[in-house]
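Just below is one structure, and these are the notes that go with it.
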Amino acid sequence: MKRTVRAPLPGGFREMLAIALPMVASHGCETALIFTDRLFLSRLSPTAMNASMGGGLSSFMLMTFFIGLVGYVTALSAQYLGAGQPRQCSRVVFQAAIISLIAAPLLLFFRPLVHKLFILTGVSAEQLPLQIVYFNLLVYGAMPALLRTCLSSFFSGIGKTRIVLFATFITMLLNIFFNYCLIFGHLGLPALGLKGAAYGTLASSSCGLLILLFAYFNRHNRNSYRISESFHLDFELLKKLLRYGSPSGLEMFLNLLAFNIVILIFHSDGPVTATAVTIVFNWDLVSFVPLLGIQVGVVSLVGRYMGAGQVETAARATMSALKMAFGYSLLILILFASIPDLLVNVFKPDDVGPLFVSAFPLAATMLRLAAFYVLADAIMVVFSGALRGAGDTFWTMLISVCMHWLLIPLLLISLKTLNLNPLNAWILLICVFMTFSAIFYLRYHKGTWKKIRVIEPPFHG
């Protein structure tokens with residue numbers, strides 16, 4: 001007697017797992033890519049590691065408006081697929097590609113403003129020139145980064161997340177190989193230090209783009225989504241992408257700008273604080289970025305079911321994602337709370353000096369305290385993803401931006417006016433994160449997102 005295999009419940013945990021798990025792994029690879037860069041550079045000196053943190057974050061910050069904008073291809077592709085209009089998916093991708101090609105040269109124009117931001121926030125004289133060099137090199141990778149986002153978002157929207165995982169995994173492996181050779185000078189290559197880390201990142205990112213392009217233009221994909229018919233400017237689709245994607249892009253840009261300023265304010269407190277904060281945020285990256293993979297799954301499934309007019313199924317998908325996010329965050333909470341000393345020691349330089357010794361206790365305590373907000377991160381990521389997938393992008397942007405920009409005056413007052421130590425300032429920031437996760441839940445619970453129609457659902461007669 002044959003056993004009947006039950007199909008996954010629409011919006012249930014199994015369906016969410018099938019889409020989100022490859023994206024979690026993909027974002028985990030992205031995390032490993034960045035983490036490895038800073039780990040290698042920590043072997044040179046804490047200053048090189050700190051410069052890569054400030055410069056790398058700033059280069060990404062400069063691109064974030066356009067990354068968020070073209071990243072909305074995920075939600076639109078999902079909604080068009082759910083509405084039975086697959087040809088529109090490839091047309092959305094082409095509109096996003098046009099935006100990417102226009103954006104890349106514009107970003108180079110704004111580099112001097114970021115240099116002034118480094119100076120204004122008081123980055124140390126030793127760290128500043130290294131940070132500027134690293135930032136300048138990474139900005140040249142804007143075009144492949146944006147095009148990778150377009151294609152990754154398309155595959156995420158249609159539920160083919162394994163190809164995104166494969167491309168990211170290969171990118172990660174190549175980045176580790178290139179950086180190992182170029183930073184330290186192996187296999188006959190020159191030891192370029194910080195510059196080698198930037199060159200390795202650019203080369204591996206370009207290889208990842210080539211993999212996605214190959215997958216996008218394969219025969220099955222060309223036929224299924226009529227890609228050959230998509231290469232034209234569609235003003236209606238472009239307006240829709242700009243209307244719903246711009247709040248996401250603006251949210252990403254303003255949030256990362258605020259976060260970048262927060263990092264730079266901490267760095268301006270002195271080399272000890274800079275080193276401790278860099279180590280903590282490297283581990284925070286490990287805890288947070290994979291959650292973004294779950295968010296992609298939420299955006300994709302909620303968008304698909306909202307496009308099909310199945311609101312309750314979209315709500316079920318959100319709860320499935322929350323279970324998945326809580327499971328991951330609980331594991332991170334245990335690690336941060338139980339072994340912070342071991343985690344900090346991962347970044348111990350080969351030549352241990354007084355700087356690392358002084359930063360060690362502060363970093364370990366801050367990391368232990370970070371365990372308090374990892375579950376809040378899970379709540380924030382899942383419910384903001386559900387709102388974004390449904391099209392409630394303006395309020396998502398407003399809540400998120402207010403939270404991040406509130407951190408700046410609080411940190412300035414704490415460190416510069418009240419002269420609190422960095423540990424007390426860190427506790428204050430954690431409290432803000434926990435408060436705003438509750439606000440995202442309340443916005444979702446209110447149910448306004450259920451009434452939004454980005455596209456008209458199919459008629460069921």
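The values are calculated or read from the model by the stated rules, or taken from the named source; none is laboratory data. Fair warning: this is a prediction, and the values are worked out from it, not measured in the lab. So basically every Cβ, Gly included, is an ideal-geometry build from the backbone, and we count neighbours across all protein chains shown. Quick note on the areas: whole protein, heavy atoms, side chains included, nothing else; ligands and nucleic acids left out. Shrake-Rupley method; radii C 1.70, N 1.55, O 1.52, S 1.80 Å.
A few comments on the model shown:
- Sequence of D350, D284 when ordered by accessible area, the most exposed leading, probe 1.4 angstrom: D350, D284
- For the pair L442 and K116, label points projected 7 Å from Cα toward Cβ lie 3.8 nm apart.
- Rounded tilt (10° steps) of 422-446 against the dominant C-alpha axis of the chain: 10
- Couplings 3J(HN,Hα) of region 225-231, computed from phi: 10, 6, 4, 4, 8, 8, 7 Hz, in residue order, whole Hz [Karplus 6.51 cos²θ - 1.76 cosθ + 1.60, θ = phi - 60°; x for Gly and Pro].
- Measuring only protein heavy atoms, the 1.4 Å probe finds E312 accessible over about 120 Å².
- Förster-model FRET efficiency, 30 Å R0, R453 and I98, C-beta, rounded to 0.05: 0.70
- Pairwise centroid distance, computed over Cα atoms, of region 207-230 with region 232-278, Å: 29
- R304, R43, ranked by accessible area, largest first (probe 1.4 Å): R43, R304
- Take the Cβ atoms of R219 and L106, set R0 to 45 Å, and the FRET efficiency comes out at 0.80.
- Cα shape, region 344-397, gyration tensor, a/c 1.5 rule: prolate
- Gain upon complete extension [R43, N421; 0.36 nm per residue less C-alpha separation]: 133.3 nm
- For a paramagnetic label modelled on M434 (point 7 Å from Cα along Cα→Cβ), amide N atoms under 18 Å away belong, within region 330-357, to 330-338.
- For the chain, the longest principal axis of the alpha carbon atoms and the long axis of helix 73-82 meet at an angle near 20°.
- Exposed loop sites are taken as chymotrypsin sites (Phe, Trp or Tyr not before Pro) in a DSSP loop (any state but H, G, I, E or B) with at most 12 other beta carbon atoms within 10 Å; the longest stretch of the chain without one runs 232-458.
- Average Cα contact separation per residue, the chain, under 8 Å, 6 or more apart, as relative contact order %: 25
- Mean separation of Cα contacts under 8 Å, 6 or more apart, over the residue count of region 171-222: relative contact order %: 33
- Placing K450, K239 in order of accessible area, with the largest value first and a 1.4 Å probe, yields K239, K450.
- Taking θ as phi - 60° and the Karplus parameters 6.51, -1.76 and 1.60, the scalar couplings of region 233-247 work out to 6, 10, 5, 5, 5, 4, 5, 5, 5, 5, 5, 8, x, 4, x Hz in sequence order, x denoting glycine and proline.
- Cα-Cα over 26 Å, subset of K116/K195; K116/K240; K239/K451: K116/K240
- Listed candidates [x] 138; [y] 479; [z] 163 - label of the one calculated as volume of the Cα convex hull per residue in Å³: [z]
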